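One structure below.
The values are calculated or read from the model by the stated rules, or taken from the named source; none is laboratory data. Just so it is clear, the model here is predicted, and its values are computed rather than measured. With ideal geometry, Cβ positions are generated from the backbone for all residues, glycine too; neighbour counts draw on all protein chains shown. What goes into the accessible areas is simple: the full protein's heavy atoms, side chains included, and nothing from ligands, DNA or RNA. Shrake-Rupley method; radii C 1.70, N 1.55, O 1.52, S 1.80 Å.
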Amino acid sequence: MDLTLPDEALTSTLEALAADVARSAGRLVVDERPDAVEVSATKSSATDVVTVMDQRSQDHLVARLREARPDDAVLGEESGGATGTSGITWVIDPIDGTVNYLYGIPAYAVSVAAVVGDPTTAGAWRPFAGAVYNPVTDELYRARSGGGAHVVVGDDQRRLVPTTCSELGQALVGTGFGYAAQRRESQGRLVLDLLPQVRDIRRIGSAALDLCSVGAGLLDAYYETGLNPWDLAAGWLVAVEAGAVVGGFDGPGEALTWACARGLAPAFPDLVEAGTRTHLGY
Ligand code: IPD
C-alpha cells in the first residue's frame, strides 16, 4: 500500500485550504443556525440525527473543495461525495457533534482532512493536512504532516502541546458512545472498568474536538469504539502533530481509536485495547 505524502508545498497549500473551508462552513452552520434546530432524518438509530444544516454544510464543503481541487475525491458523512483521480481524498464531517448542535451546546465542529490511501479501511490511510473548526468558540485547530499543530483564535496562533501526564490514576480521559443501544451498554461496562483507574471521564460529544483536546492538553487521553473516518481524520492529525500518540487495533478506526499524551503510552493503549476486546468483542 502506497501512503507516500505529497510534497511540503502541496501539503502546506492543502492545510490552508482545509482551514479556509472548515471556517467558512462553520460560519454557515452557526450564523444560520435556526432558533429551533429541527431533525431532518435519522440514521443508525432514532437518536442518530441529521439536521438540515448538516446537509447544507456538507454541500458547501463539497462545492468549495471541488472548485479548488477538481481531481480529488470527497468522502463525507452526509450524502453527496465525489470520486477523484489524484489519489487524495478529502474526508469531511460537516457537523461533528450533531446532538450538541441540536441542543445548542457549544461543542461541535466542522472537520476537514486531506488523506492518502483508502479511508474506509483502518490502517490503509493517513491524513496529511487538516482542520477542525468550532464556530461557537471560533477556535480553529490546524495541522499538516511535519508542520506541527496549532490553534488559531482571532489573531492569536498558538502551537499545541499535550500534557505531561504519565500516571493513569492522574489521567483525565475523554470518550464517546455510539448510537445503538447494545453498543452503548458494552461501552458503559468498559467505562465502569476504567473509572476507578483514572482521574475522571469526560463525554464532550464531538470526537474531532476530543482528539484536538488531547493535542491541546485539555484532556490527557481519549478513546472510542465506533468512529467513522470523518469523525477522526483531522483530529488524528492534529493530535499526532501536537506530539500525542494515536492508534487503534490496526490504526485508528471503527474498532477502536485511542489518543494520549506520550507519558501514558503504553499503559493507556494497553488498558483500552484489553477492555475493548473484553467488552466489545474485538
Ligand atoms: C459523533 C460525535 C460523538 C461520538 C460519536 C460520533 P456526529 O459524530 O463525534 O462525540 O461519540 O461516535 O458519531 O454524529 O455528531 O457527527
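Laid out as a table, the results:
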item	result
Cross-chain or 6+ apart pairs with Cβ under 6 Å, region 165-193 first and β-branched (Val, Ile, Thr), then within 14 Å of the ligand (Cβ to nearest atom) and not in a loop (DSSP other than H, G, I, E, B)	VAL173/ILE201; THR175/TYR223; THR175/GLU224
Selection within region 76-104 - of a type in the set (Asp, Glu), part of a strand (DSSP E or B) and closer than 15 Å to PRO119 by Cα	ASP93
Subset of region 31-66 (residues that are within 15 Å of the ligand (Cβ to nearest atom), among the hydrophobic types (A, V, I, L, M, F, W, C) and surrounded by 18 or more Cβ atoms within 10 Å (Cβ to Cβ))	VAL49, VAL50, MET53, LEU61
Residue check for ALA143: among the small types (Gly, Ala, Ser), away from the ligand (no atom under 11 Å from the Cβ), assigned to a strand (DSSP E or B) and out of contact with any Lys or Arg (no Cβ under 8 Å at 6 or more places or on another chain)	yes
Selection from region 185-216 of residues that are under 24 Å from ALA233 (Cβ atoms), open to solvent by 30 Å² or more (accessible area, probe 1.4 Å) and not hydrophobic (A, V, I, L, M, F, W, C)	ARG202, ARG203
Region 142-173, subset of a type in the set (S, T, N, Q) and touching a strand residue (DSSP E or B) at 6+ places or on another chain (Cβ under 8 Å), residue most open to solvent (accessible area, probe 1.4 Å)	GLN157
Hits in region 124-141 (condition: surrounded by fewer than 16 Cβ atoms within 10 Å (Cβ to Cβ) and either among the hydroxyl-bearing types (Ser, Thr, Tyr) or touching an Asp or Glu at 6+ places or on another chain (Cβ under 8 Å) (or both))	ALA124, THR137
Filter result for ASP193 (modelled with pLDDT of 95 or more, assigned to a helix (DSSP H, G or I) and touching a helix residue (DSSP H, G or I) at 6+ places or on another chain (Cβ under 9 Å))	yes
Verdict on THR225 being within 12 Å of the chain's Cα centre (by Cα), open to solvent by less than 10 Å² (accessible area, probe 1.4 Å) and of a type in the set (Val, Ile, Thr)	no
Enumeration of residues in region 1-20 that are out of contact with any strand residue (DSSP E or B) (no Cβ under 6 Å at 6 or more places or on another chain) and charged (D, E, K, R)	ASP2, ASP7, GLU8, ASP20
Residue within region 196-209 that is within 16 Å of the ligand (Cβ to nearest atom), in contact (Cβ under 8 Å) with a residue 24 or more places away in the chain, assigned to a strand (DSSP E or B) and basic (Lys, Arg) present	yes
